[in-house]
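The structure is given below, and queries will be raised subsequently.
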Amino acid sequence: MDNAQLLILDRFEGDVNARVQELRARDFPDRFWKKDATAWEGANQNDVASMLGWIDVVDTMLERVDEIEGFAQEVRDAGFERVILAGMGGSSLAPYVLSKVFPTTDASLPLHVLDSTHPATVQEIERAGSLEKTLVIVSSKSGSTAEPTAFDSYLFEKVGNPQNFVAITDPGSPFQQSAEGRGFRKVFLNFADIGGRFSALSYFGLVPAALLGIDVRQLLERAKHVVNANQGFGPAFELGAAMGELARLGVDKLTFLTVPELAPLGLWLEQLVAESTGKQETGILPVAGEEAGPPSVYGQDRFFAIVRMASADCSFIDIRAAALRDAGHPMVTVDLKDPYDIAAEFLRWEIATATAGAVLAINPFDQPNVQEAKDVTKRLLKSVEEQGSLPERDGGVSDHGLTAYGESCADDVLESLTIFFSGTRPGDYVAIHAYLHETPELDEALHTFQRDLRDALGLATTFGYGPRFLHSTGQYHKGGTNTGHFLQLTDQSSADAAIPGQAASWKQFVQAQAQGDMEALKAKGRRVISVDLGADASAGLATLRKAVEVALQRRSS
């Protein structure tokens, strides 16, 4: 296997070895490759059996390489200059990773991933190139997910030519019928037995890869190495055994520390692990995107995954990893030869996550709590249809350009934040939910905020843009352990646009999603505060960070 894996488990080695022996005793790897649903004891085996198509997808897709690459060449020959991929979660994250990690070549078409309902983001991507020469891929497994449906309606009206559109969906979905009826250039029918987060090596990931100029066959051949290396109890199964057993022992914060060139991979890994394991009040919380810190800022609930690449400067991450290893933290190190090994990582972590699910006695292929926020959002949007606006939010306190919701006994924003952070305990985590327009400047500021909160609180701190994370870590937030503290950020952007066929505009849509998620979290007994940053999100975030600094000082005094 080209990309090596090294597990260092320190004091947990005996526990993990015992778990490996238990999985060996029930022939887990052999049953896995045979797609035997009974390997996941404690889960509904009919539900599991219906979602195992990803296990042999590499061989399936090797037979379709010519079709995919032929289509990509057709698109280039037709004179298209860029691609917009509109989707959410598993339909969009693998293409996002590939578009960020692989270098541009003469065969590459620029690919913009639209997975945000924030009006400024929608309009920015819409206006980034000629719509006449833009190919739009609408990716939706179910064909009925709210965000891709809205993206489709909006862009179809703007572009106007069905030959500029491609669908990737499951057979028999409502979107298949809609796309075929409108005369889309191509409709790729994926496989109903592959869930979204396990679909990276299916049409959902490989069609965009070909348009990016990536050698699809080489991607699949790299993944094939993982298949061959794990016919017995190979590295991926060992990693999954460690993930599951460590979580059972309270080491449930799987922290990805990557070289900068591989940072986008964290978003995909985050969705895979969180949505697969965060249910029935258990699970593994993935932490991605944080800057590697010294041992002093980490609790004893961390399992570190160090992801390196041969062409990258690994000196900083190696120094940090050595200190964490010496401090006794369990750790896995994975080395990639080049970007094509991303495909091997897709499959390695899929196998590992499925194995961890078996250790935790859950079904790693469902997402029972994702629907909760969707249902509340749908109800809120109904009020736009009936009354022309969203319901007024109750209990807000405002000062210095900020408005906070969620702490009804507070008199001002600072007091709200002080109460919110006073409830944290060792082993908890903080999640920043940013329903904001993603820009390089704001992204940097939010990641710095993530680091500062981690260092000040000594807690795992995650960060995600909404609504992207709703189809990712959102499952863990509501179905996993009740140890989260959720800091939601919204703004009052001046950007907006109508969505064809809907009463709500994009601004109302994203506001409803934020409010819906907050209500869903509160209904599950989670601790959540929402802070609106006003018209200028960057300035509002700077004000908020100062207020949080004071709140944390009050908390510790």
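Across the range 469-498, which residue is nearest to Phe421 (Cα to Cα) among those that are of a type in the set (Ser, Thr, Tyr) and in a loop (DSSP other than H, G, I, E, B)?
Thr483
Okay, moving on. Please go through the range 152-171 and give me each residue that is among the small types (Gly, Ala, Ser) and either closer than 27 Å to Asp491 by Cβ or surrounded by fewer than 23 Cβ atoms within 10 Å (Cβ to Cβ) (or both), ordered by number.
Matches in the range 152-171: Ser153, Gly160.
Hey, another quick one. Residues Gly427, Gly395, Gly501: which one is without any contact (Cβ under 8 Å) to a residue 40 or more places away in the chain, farther than 22 Å from Ala263 by Cα and assigned to a loop (DSSP other than H, G, I, E, B)?
None of the others qualify; the one that does is Gly395.
Can Gly479 be described as farther than 30 Å from Pro294 by Cβ and either β-branched (Val, Ile, Thr) or modelled with pLDDT of 95 or more (or both)?
yes
Which of the following residues is of a type in the set (A, V, I, L, M), within 16 Å of the chain's Cα centre (by Cα) and under 27 Å from Gly293 (Cα atoms): Ala460, Ala445, Ala456, Ala431?
Only one candidate qualifies: Ala431.
Of everything in the range 2-59 that's part of a loop (DSSP other than H, G, I, E, B) and acidic (Asp, Glu), which residue is nearest to Met309 (Cα to Cα)?
The extreme case among them is Asp2.
Turning to a different aspect of this structure: Being out of contact with any Cys (no Cβ under 7 Å at 6 or more places or on another chain), assigned by TED's automatic domain parsing to the domain that holds Ala192 and at pLDDT below 95 is true for just one of Gly87, Gly160, Gly129. Which residue is that? If you could, list the steps in order and put the result at the bottom.
Numbers: Gly87 fails: at pLDDT below 95; Gly129 fails: at pLDDT below 95.
Just a single option satisfies the conditions, and that option is Gly160.
Give the number of residues within the range 277-298 that are in a helix (DSSP H, G or I) and farther than 18 Å from Asp455 by Cβ.
Counting residues in the range 277-298 that are in a helix (DSSP H, G or I) and farther than 18 Å from Asp455 by Cβ gives 1.
Go through Thr117, Thr149, Thr104 for me and flag whichever is crowded, with 17+ Cβ neighbours inside 10 Å, more than 18 Å from the chain's Cα centre (by Cα) and polar (S, T, N, Q).
Numbers: Thr117 fails: more than 18 Å from the chain's Cα centre (by Cα); Thr104 fails: crowded, with 17+ Cβ neighbours inside 10 Å.
Among Thr117, Thr149, Thr104, only Thr149 is crowded, with 17+ Cβ neighbours inside 10 Å, more than 18 Å from the chain's Cα centre (by Cα) and polar (S, T, N, Q).
Further question on the same structure: Restricting to the range 199-246, count the residues that are part of a loop (DSSP other than H, G, I, E, B), touching a Phe, Trp or Tyr at 6+ places or on another chain (Cβ under 9 Å) and of a type outside the set (S, T, N, Q).
Selection size over the range 199-246: 7.
Please determine, by comparing only the residues of the range 463-483 that are among the small types (Gly, Ala, Ser) and more than 10 Å from the chain's Cα centre (by Cα), which one is nearest to Thr121 (Cα to Cα).
If we take residues in the range 463-483 being among the small types (Gly, Ala, Ser) and more than 10 Å from the chain's Cα centre (by Cα), then Gly466 is nearest to Thr121 (Cα to Cα).
If we keep just the residues of the range 138-178 that are β-branched (Val, Ile, Thr), touching a Lys or Arg at 6+ places or on another chain (Cβ under 9 Å) and in contact (Cβ under 8 Å) with a residue 40 or more places away in the chain, which is nearest to Ala497 (Cα to Cα)? Step through it out loud before you land on a result.
Filtering the range 138-178 for residues β-branched (Val, Ile, Thr) gives 138, 145, 149, 159, 166, 168-169.
Filter again for touching a Lys or Arg at 6+ places or on another chain (Cβ under 9 Å), leaving 145, 166, 168-169.
This time we only want the ones that are in contact (Cβ under 8 Å) with a residue 40 or more places away in the chain, so: 145, 166, 168.
Details: Thr145: 20, Val166: 23, Ile168: 26 Å.
Result: Thr145.
Name the residue that is surrounded by the fewest Cβ atoms within 10 Å (Cβ to Cβ), counting only residues in the range 453-468 that are out of contact with any Leu (no Cβ under 9 Å at 6 or more places or on another chain) and not in a loop (DSSP other than H, G, I, E, B).
So, considering only residues that are out of contact with any Leu (no Cβ under 9 Å at 6 or more places or on another chain) and not in a loop (DSSP other than H, G, I, E, B), the one surrounded by the fewest Cβ atoms within 10 Å (Cβ to Cβ) is Asp455.
Further question on the same structure: Has the range 523-534 got at least one residue that is assigned by TED's automatic domain parsing to the domain that holds Gly423, buried (at least 23 other Cβ atoms within 10 Å of the Cβ), part of a helix (DSSP H, G or I) and out of contact with any Cys (no Cβ under 9 Å at 6 or more places or on another chain)?
no
Moving to a separate point now. Within the range 291-316, how many residues turn out to be acidic (Asp, Glu) and either outside the structural domain of Lys337 (by TED's automatic domain parsing) or buried (at least 20 other Cβ atoms within 10 Å of the Cβ) (or both)?
Initially, the range 291-316 is screened for residues acidic (Asp, Glu), giving 291, 301, 313.
So of that shortlist, the ones also either outside the structural domain of Lys337 (by TED's automatic domain parsing) or buried (at least 20 other Cβ atoms within 10 Å of the Cβ) (or both) come out as 301.
Result for the range 291-316: 1.
Separate question: With (1) at positive phi; (2) without any contact (Cβ under 8 Å) to a residue 12 or more places away in the chain as the list, and Lys35 as the residue in question, which single condition is left unmet?
Among (1) at positive phi; (2) without any contact (Cβ under 8 Å) to a residue 12 or more places away in the chain, the lone unmet condition for Lys35 is (2).
Tally time: how many residues in the range 46-68 are touching a helix residue (DSSP H, G or I) at 6+ places or on another chain (Cβ under 7 Å), under 18 Å from Leu189 (Cβ atoms) and either crowded, with 17+ Cβ neighbours inside 10 Å or not aliphatic (A, V, I, L, M) (or both)?
4
Is it the case, given these coordinates, that Glu275 is within 26 Å of Ser92 (Cα to Cα) and surrounded by 22 or more Cβ atoms within 10 Å (Cβ to Cβ)?
Taking the combined requirement at face value, the residue satisfies it.
Right, another one. Being surrounded by 14 or more Cβ atoms within 10 Å (Cβ to Cβ) and of a type in the set (D, E, K, R) is the filter; apply it to the range 400-414 and report the residue that is farthest from Ala547 (Cα to Cα).
Among those residues, the one meeting the criterion is Glu407.
Let me confirm something: among Phe198, Phe191, Phe175, which residue is under 22 Å from Lys378 (Cβ atoms) and in contact with an Asp or Glu (Cβ under 8 Å, 6 or more places away or on another chain)?
Going through Phe198, Phe191, Phe175 in turn, the sole match is Phe175.
Of the residues Asp115, Asp66, which is without any contact (Cβ under 8 Å) to a residue 24 or more places away in the chain and either in the same structural domain as Tyr435 (by TED's automatic domain parsing) or within 30 Å of Glu350 (Cα to Cα) (or both)? First the steps, then the outcome.
Details: Asp115 fails: without any contact (Cβ under 8 Å) to a residue 24 or more places away in the chain.
None of the others qualify; the one that does is Asp66.
Taking the range 60-96 only, how many residues are farther than 22 Å from Leu265 by Cα and in a helix (DSSP H, G or I)?
Count: 15.
Condition check ((1) in contact (Cβ under 8 Å) with a residue 12 or more places away in the chain; (2) in a helix (DSSP H, G or I)) across all residues:
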| site | (1), (2) |
| --- | --- |
| Glu275 | yes, yes |
| Gln300 | yes, no |
| Arg308 | yes, no |
| Phe316 | yes, yes |
| Ala322 | no, yes |
| Ile351 | yes, yes |
| Ile362 | yes, no |
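The values are calculated or read from the model by the stated rules, or taken from the named source; none is laboratory data. These numbers come from a predicted model, not from an experiment. Ideal geometry is used to build each Cβ from the backbone, glycine not excepted, and the neighbour counts take in all protein chains shown.
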